[in-house]
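Visitor: If you scroll down you'll find the structure; I have some questions about it.
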Amino acid sequence: MSTTLFQIAPRIPDLNIAPIPEGERKGLTKKEIAADHPTWCPGCGDFSVLALYFKLIEKRKIHHEKVTTIAGIGCSSRFPYFVQAHGAHFIHGRALPFASGVSLSRPDLHVFAFSGDGDAFSIGGNHFSHTARKNIKMTLVVMDNWVYGLTKKQTSPTSPIGFKSKTDQWGAKDRPINPMKQAISAGATFVARTTHTNPNHVLQMMEAAMDHDGFSFVECLSECIEFYEGSFDASNPRKGGKFELVPETHDVTDEFAAYKLASEDFPGKFGIFYKDNRPTKNAGEAQIVADMRAKTQGMKDWQILQKSFERMR
Amino acid sequence: MSDSVIAPKATSGQPQASRISEAVIRIAGNSQDGIQAIGGFLARLAGRSEQEVMTFMTIPSTISGGPSIFQVRIGSGEVLSPGDEADVLLAFYQHSYDEHVTSLKKGGIVLYDSDHVEPNPEREPNYRHLGIPISSRTVEAIGGTGKDKGKNIFALGLVAKMFDLNIPKLEKLVTERFTGKDQSITQNALNAFHAGYSFQLDSAWATFHFIEGQKQGSTQVVMNGNEALGFGLIAAGVRFGAGYPITPWSDIMELLRRELPKYGGSFIQCEDEIASISMALGASYAGRVAVTGSSGPGISLKTEALGWGIMAEMPLIIVDVQRGGPSTGMPTNVEQSDLNIACFGGHGDSPRVVVAPSNVEDCFYTAIEAVNIARKYSVPVIILSDQAIATRIEAFEQPDFEKVVQDISPDFSPVAEHKPYDLSAPDGVTRHLAPGTRIASGKYPVVTGLEHDELGHPTGSPKLHQDMTEKRRKKLQALGAELPVPKVFGPPEGQILLVGWGSTQGPIKEAVERARAAGEAMSSLHLKYINPLPQDLEKIFAGFRHVFVVEMNDGGLYGHGQLAMVLRGRYADPKIRGINKTDGLNWKVREVLEKARALAAGLDAGKA
């Protein structure tokens, strides 16, 4: 037996589509980037994150096919349906490893993952730590609303103590996760915090995250007006709260300072807490490939395999 | 089974080398003694000598130490199983002797380390005992610094003498094995080997000579099933994988981690089983079929994501190297008890493809075929291997590399428009475009686990859920129609048809050969495609009075093993019955025969 049963004919490219030279392509308009109308409740904070993602694509003239939007499960994670581009809606909590598979095999793409507090820190908590630790190049935006919205008001890992939910009728008892601290200690190389009520700041953070070579994490407070109305008022100047930026004196490369910044009581500070230029997993893998390829240079794949088999005679 | 080692009697005076066509040698010691290495050398030598070979080993699941055996069967003709009984036992310790001496054929030879083993006088009349101070002679030969390290190589020398093996070839194998290490290590190994080879034999020794192998002129490669499967995936064009360590799958991930970068690919060790399948699905989505794998417990963890792969219609390879279960079970023993989870594990109606390689060579080609099925039908494919096939070594003809190695690079050519889940597609199969592909219409697809419309956008439409569920099923029915109908081994009509799948092909075929030699009307059928099944099996079953499904899993609540249940469900034929066991060991030819005969006799008596 030396042949296999199933042979696949290669896909024949559609000959009517001439490639467009990069320079001649216009940037996309908002209309061209928008897909399905979002299914979020009117007034949801997630709308502003979506609008600013469109703005980012528009501003940076990213073409449809160059960006990939990936999400897990949750209100926030409906995101890919609303974006007119390649996208995947994966399973609960696992957007990061899925996005890692895309990122590690496709250096040509901008990989964005959108997640919520339950998806990222509860069911996906393990992946959050390890994707950060491995420093896999992508941007993760967690739309943190402190509550499970899609399943209608259960306690989330970021719900503050005392929050009355359907699963904590007497008020939440468990100490909430601090996403900033979690990210810093896990080894994320870009850690920032923003809030949906300050659109310019959201765009600024997403853009800085996209430009970071590594795992960039943005926590965006995104109010659930249905199940946790007023949760973030203290951070919204229009509601009498205060929106304070990370002080200019803060050294973003100082892990301990960043950790300290993350320890402040709500509403805390907004901006880039931590940034490090540690090499990415992507670069590490590319280096291994380059080193190994140097030894197999000029050989076809079948010749490399033949050489391996020669040692198994 | 033809003439074997036990036939010749030692003649007085100068021993004559008897010509033999096959021999079963069992090496018993502790797991850190390098007994696998001796077996490996013998297997490789057989491969280089155009002989057939099959090995079998048991390893303790402890970290270091514990009794372990390696059995190698070398034959000049076809070798189908590692052999029920050994011709020669090489015993390093008392426990090795006590435990394994009865695995010898009556009159077989036990070669023991007289520094450690005291033979049992009751056993002496049944077996030919040859005591050699292996440990002390090894220390003498090497100089004592390594204690008795190297006694395996000394013993290899003894075996080489006994079987008149090709010394230059063995020396070359020993040298190759230690290449890259300190020169003195190679020298010590060769010293130990020569000391064993030149150990002064007394006249009680019988020596043997293999008649020439039948595979003249062909170049053979020698490896285990995990290696063949890993290299098969590479040949298939897989360039990305993700996994988590678990016995006995880890060897495959280690191999892919080491080898893939040579081809520009990458294998990632993940934080857990779920991340592994998720990452592999991400890479498949990104354009090229990726692989993940595990053994039973890990497969359970992967099933939610598998459901996504089926819903999203994403090609993916999932390797399941089965071991004894459930739970942690028997990590270093064999069982075929994951058929149900492979075929049906998960939530919802989730049709997927399951294929099972039947020998080491088949592991290589099955991997390629699995990748091509995954691509052609845009579906996850599970390769059901098992611990026995994963760890046993066989020799097979080296592949036609240029012909079998595939390029499955993604195609990013722009298209006018695209609907991945096109219900009107002529073959009903989804075609995904990798991200990076420009779609001129400006309408881009989403791949999703939600029920979706043709573009991948979510829908709550009852009709679409019905249509899409059918679509996912129908493409596998189309695959089933395309699969080759397996051939019956033996005549197409008779009393008993043994049906097997996966690694048990060899012992089942050998059982049929023995039964036919004894005048019984027995045949066998081996299934490689488990889900979907090929067509026309009922026509094959019609030719036999009994259909016995031979499996290494439990007979279950209703008396039928896992494949037997599928076949009974599919064909509603009450003559399909199970022959099962769960002792964690390969089927012995004798066990298959005895159980088949007893079951048939009971049924025939009942009917009479």
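The values are calculated or read from the model by the stated rules, or taken from the named source; none is laboratory data. Because the structure is a prediction, the values reported are computed rather than measured. Cβ atoms come from the backbone with ideal geometry, glycine included; neighbour counts cover every protein chain shown.
Visitor: Taking the condition of being crowded, with 24+ Cβ neighbours inside 10 Å and either facing chain A (nearest Cβ under 7 Å) or in contact with a Cys (Cβ under 7 Å, 6 or more places away or on another chain) (or both), how many residues in region B:271-286 meet it?
Guide: 11
The rows are residues; the columns are (1) surrounded by fewer than 18 Cβ atoms within 10 Å (Cβ to Cβ); (2) closer than 27 Å to B:Thr332 by Cα; (3) in the same structural domain as B:Thr55 (by TED's automatic domain parsing).
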{"position": "B:Leu525", "(1), (2), (3)": "no, no, no"}
{"position": "B:Lys528", "(1), (2), (3)": "no, yes, no"}
{"position": "B:Phe541", "(1), (2), (3)": "no, no, no"}
{"position": "B:Arg545", "(1), (2), (3)": "yes, no, no"}
{"position": "B:Gln562", "(1), (2), (3)": "no, yes, no"}
{"position": "B:Lys575", "(1), (2), (3)": "yes, no, no"}
{"position": "B:Glu594", "(1), (2), (3)": "yes, yes, no"}
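Visitor: Moving to a separate point now. Could you check region A:289-313 and list, in sequence order, the residues that are of a type in the set (A, V, I, L, M) and at the interface with chain B (Cβ under 8 Å from one of its Cβ atoms)? Before the answer, list the steps.
Guide: In the first step, residues of region A:289-313 are kept if they are of a type in the set (A, V, I, L, M); the result is A:289-290, A:292, A:294, A:299, A:304-305, A:312.
Across region A:289-313, the qualifying residues are A:Val289, A:Met292, A:Ile304, A:Leu305, A:Met312.
Visitor: Let me ask something additional. Restricting to region B:457-478, what's the tally of residues that are modelled with pLDDT of 95 or more and among the small types (Gly, Ala, Ser)?
Guide: Of the residues in that region, 2 qualify.
Visitor: Looking at (1) among the β-branched types (Val, Ile, Thr); (2) touching a His at 6+ places or on another chain (Cβ under 9 Å); (3) without any contact (Cβ under 8 Å) to a residue 40 or more places away in the chain, which one does B:Ile134 not meet, given that it meets all the others?
Guide: Unmet condition: (3).
Visitor: Still on this structure, please answer the following. Quick one: in region B:290-348, of everything that is without any contact (Cβ under 8 Å) to a residue 40 or more places away in the chain and surrounded by fewer than 20 Cβ atoms within 10 Å (Cβ to Cβ), which residue is farthest from B:Glu254 (Cα to Cα)? Don't jump to the end; show me each part of the working.
Guide: So the first thing to find is which residues in region B:290-348 are without any contact (Cβ under 8 Å) to a residue 40 or more places away in the chain, and the list is B:301-302, B:305, B:325-329, B:344.
Still in the list and also surrounded by fewer than 20 Cβ atoms within 10 Å (Cβ to Cβ): B:301, B:326-329, B:344.
On the way: B:Leu301: 21, B:Pro326: 25, B:Ser327: 23, B:Thr328: 21, B:Gly329: 23, B:Phe344: 28 Å.
This residue is B:Phe344.
Visitor: Consider A:Thr139 carefully, then state whether it is in a loop (DSSP other than H, G, I, E, B) and in contact with a helix residue (DSSP H, G or I) (Cβ under 9 Å, 6 or more places away or on another chain).
Guide: On the way: in a loop (DSSP other than H, G, I, E, B): no; in contact with a helix residue (DSSP H, G or I) (Cβ under 9 Å, 6 or more places away or on another chain): yes.
So A:Thr139 fails the test.
Visitor: If only one of A:Lys152, A:Lys164 is surrounded by fewer than 23 Cβ atoms within 10 Å (Cβ to Cβ), under 28 Å from B:Gly307 (Cα atoms) and away from chain B (no Cβ under 14 Å), which one is it?
Guide: Values: A:Lys164 fails: under 28 Å from B:Gly307 (Cα atoms).
Among A:Lys152, A:Lys164, only A:Lys152 is surrounded by fewer than 23 Cβ atoms within 10 Å (Cβ to Cβ), under 28 Å from B:Gly307 (Cα atoms) and away from chain B (no Cβ under 14 Å).
Visitor: Among residues belonging to region A:136-149 that are over 19 Å from A:Asn178 (Cβ atoms) and buried (at least 24 other Cβ atoms within 10 Å of the Cβ), point out the one that is farthest from the other protein chains (Cβ to nearest Cβ). Even if it seems obvious, please write down each step before you answer.
Guide: First, pick out the residues of region A:136-149 that are over 19 Å from A:Asn178 (Cβ atoms): A:136-139, A:149.
Next, from what is left, pick out any that are buried (at least 24 other Cβ atoms within 10 Å of the Cβ): A:136, A:138-139, A:149.
Numbers: A:Ile136: 9, A:Met138: 10, A:Thr139: 15, A:Gly149: 17 Å.
Among those residues, the one meeting the criterion is A:Gly149.
Visitor: In region B:328-401, which helices (runs of 4 or more DSSP H) lie fully inside it and hold 2 or more residues that are over 27 Å from B:Asn580 (Cα atoms) and out of contact with any Pro (no Cβ under 6 Å at 6 or more places or on another chain)?
Guide: Values: elements: B:339-344, B:360-377, B:387-391.
It comes to B:360-377.
Visitor: Let me ask another. Six or more apart or on different chains, Cβ atoms under 8 Å: show the pairs whose first residue is in region A:199-222 and within 16 Å of A:Arg60 (Cα to Cα) and assigned by TED's automatic domain parsing to the domain that holds A:Met138 and whose second is assigned to a helix (DSSP H, G or I) and aliphatic (A, V, I, L, M).
Guide: If the second residue must be assigned to a helix (DSSP H, G or I) and aliphatic (A, V, I, L, M), the pairs left are A:Val202/A:Val49; A:Val202/A:Leu52; A:Leu203/A:Leu52; A:Leu203/A:Leu56; A:Met206/A:Leu52; A:Met206/A:Leu56; A:Glu207/A:Leu56; A:Met210/A:Leu56.
Visitor: Going through region B:405-432 one residue at a time, which ones are exposed (fewer than 15 other Cβ atoms within 10 Å of the Cβ), touching a residue at least 60 places away in the same chain (Cβ under 8 Å) and more than 9 Å from chain A (Cβ to nearest Cβ)?
Guide: Selection gives B:Ser409 alone.
Visitor: Looking only at residues that are in contact with a helix residue (DSSP H, G or I) (Cβ under 7 Å, 6 or more places away or on another chain) and assigned to a helix (DSSP H, G or I) in region A:118-129, which one is surrounded by the fewest Cβ atoms within 10 Å (Cβ to Cβ)? Walk me through how you get there before you give the answer.
Guide: Taking region A:118-129 as the starting set, the residues that turn out to be in contact with a helix residue (DSSP H, G or I) (Cβ under 7 Å, 6 or more places away or on another chain) are A:119-121, A:124, A:127-129.
Going one step further and asking which of them are assigned to a helix (DSSP H, G or I), we end up with A:119-121, A:127-129.
Details: A:Asp119: 33, A:Ala120: 34, A:Phe121: 25, A:His127: 28, A:Phe128: 27, A:Ser129: 19.
Out of the qualifying residues, it is A:Ser129.
Visitor: Shifting gears a bit: How many residues does region B:565-596 hold that are touching a residue at least 24 places away in the same chain (Cβ under 8 Å), among the small types (Gly, Ala, Ser) and in a helix (DSSP H, G or I)?
Guide: Selection size over region B:565-596: 1.
Visitor: Oh, and also: Quick check on my filter: what residues within region B:433-445 are over 19 Å from A:Arg106 (Cα atoms) and either touching a Lys or Arg at 6+ places or on another chain (Cβ under 7 Å) or within 7 Å of another protein chain (Cβ to nearest Cβ) (or both)? Give the derivation first.
Guide: Of the residues in region B:433-445, the ones over 19 Å from A:Arg106 (Cα atoms) are B:440-443.
Matches in region B:433-445: B:Ala440, B:Gly442.
Visitor: Between B:Gly293, B:Gly298, which is under 27 Å from B:Pro60 (Cβ atoms), touching an Asp or Glu at 6+ places or on another chain (Cβ under 9 Å), assigned to a strand (DSSP E or B) and more than 8 Å from chain A (Cβ to nearest Cβ)? Steps first, answer last, please.
Guide: Working: B:Gly298 fails: assigned to a strand (DSSP E or B).
Testing whether each residue is under 27 Å from B:Pro60 (Cβ atoms), touching an Asp or Glu at 6+ places or on another chain (Cβ under 9 Å), assigned to a strand (DSSP E or B) and more than 8 Å from chain A (Cβ to nearest Cβ) leaves just B:Gly293.
Residue-by-condition table, conditions (1) of a type in the set (Ser, Thr, Tyr); (2) touching a residue at least 40 places away in the same chain (Cβ under 8 Å):
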position	(1), (2)
B:Pro462	no, no
B:Leu479	no, yes
B:Gly490	no, no
B:Leu497	no, yes
B:Thr504	yes, yes
B:Leu527	no, yes
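Visitor: Can you name every residue in region A:92-117 that is surrounded by 24 or more Cβ atoms within 10 Å (Cβ to Cβ) and more than 14 Å from the chain's Cα centre (by Cα)? Show your work before the answer.
Guide: From region A:92-117, those surrounded by 24 or more Cβ atoms within 10 Å (Cβ to Cβ) are A:93-105, A:111-117; that's our starting set.
Scanning region A:92-117 gives A:Leu104, A:Ser105.
Visitor: When region A:82-109 is examined, which residues are found to be assigned to a strand (DSSP E or B) and within 7 Å of chain B (Cβ to nearest Cβ)? Quick ask: steps written out before the conclusion?
Guide: Residues of region A:82-109 that are assigned to a strand (DSSP E or B), as a first pass: A:83, A:87-89.
Those that are assigned to a strand (DSSP E or B) and within 7 Å of chain B (Cβ to nearest Cβ): A:Gly87, A:Ala88, A:His89.
Visitor: Going through region B:136-165 one residue at a time, which ones are surrounded by fewer than 19 Cβ atoms within 10 Å (Cβ to Cβ) and assigned to a helix (DSSP H, G or I)? Let's see the steps before the verdict.
Guide: The first filter runs over region B:136-165 and keeps only residues surrounded by fewer than 19 Cβ atoms within 10 Å (Cβ to Cβ), leaving B:136, B:140, B:143-147, B:149, B:161, B:164.
If the condition is that a residue be surrounded by fewer than 19 Cβ atoms within 10 Å (Cβ to Cβ) and assigned to a helix (DSSP H, G or I), then B:Ser136, B:Glu140, B:Lys161 are the ones that fit.
Visitor: Give the residues of region B:219-231 that are within 12 Å of chain A (Cβ to nearest Cβ), aliphatic (A, V, I, L, M) and part of a helix (DSSP H, G or I), sorted by residue number. So that I can check it myself, show each step before the final result.
Guide: Restricting attention to region B:219-231, the residues satisfying the condition of being within 12 Å of chain A (Cβ to nearest Cβ) are B:219-224, B:227-228, B:230-231.
Remaining after also requiring aliphatic (A, V, I, L, M): B:221-223, B:228.
The one that is within 12 Å of chain A (Cβ to nearest Cβ), aliphatic (A, V, I, L, M) and part of a helix (DSSP H, G or I): B:Ala228.
Visitor: I'd like the residue in region B:200-251 that is crowded, with 20+ Cβ neighbours inside 10 Å and charged (D, E, K, R) and, out of all such residues, is farthest from B:Cys363 (Cα to Cα).
Guide: Applying the filter and picking the extreme gives B:Arg239.
Visitor: If you don't mind, there's one more thing I want to ask. Any chance you could count how many residues in region B:232-290 are in a strand (DSSP E or B) and within 25 Å of A:Ala294 (Cα to Cα)? Let's see the steps before the verdict.
Guide: Here is the first cut: in region B:232-290, the residues in a strand (DSSP E or B) are B:240-243, B:266-269.
Those left that are additionally within 25 Å of A:Ala294 (Cα to Cα): B:240-242, B:266-269.
Qualifying residue count, region B:232-290: 7.
Visitor: Only one residue in A:Ile57, A:Ile73 is at pLDDT 95 or above and part of a helix (DSSP H, G or I), so which one is that?
Guide: Details: A:Ile73 fails: part of a helix (DSSP H, G or I).
Sole residue among the options that is at pLDDT 95 or above and part of a helix (DSSP H, G or I): A:Ile57.
Visitor: Take the residues in region A:119-128 that are more than 13 Å from the chain's Cα centre (by Cα) and more than 15 Å from A:Pro176 (Cβ to Cβ), then tell me which one is farthest from the other protein chains (Cβ to nearest Cβ).
Guide: Filtering region A:119-128 for residues that are more than 13 Å from the chain's Cα centre (by Cα) and more than 15 Å from A:Pro176 (Cβ to Cβ), the one farthest from the other protein chains (Cβ to nearest Cβ) comes out as A:Ile123.
Visitor: On to the next question. B:Thr448 versus (1) under 27 Å from the mean Cα position of the chain (by Cα); (2) facing chain A (nearest Cβ under 9 Å); (3) surrounded by 19 or more Cβ atoms within 10 Å (Cβ to Cβ): which is the lone unmet condition?
Guide: All conditions pass for B:Thr448, except number (1).
Visitor: Taking the stated definitions as given, is A:Ala51 in contact with a strand residue (DSSP E or B) (Cβ under 6 Å, 6 or more places away or on another chain) and within 14 Å of A:Lys31 (Cα to Cα)?
Guide: On the way: in contact with a strand residue (DSSP E or B) (Cβ under 6 Å, 6 or more places away or on another chain): no; within 14 Å of A:Lys31 (Cα to Cα): yes.
So A:Ala51 does not fit the description; no.
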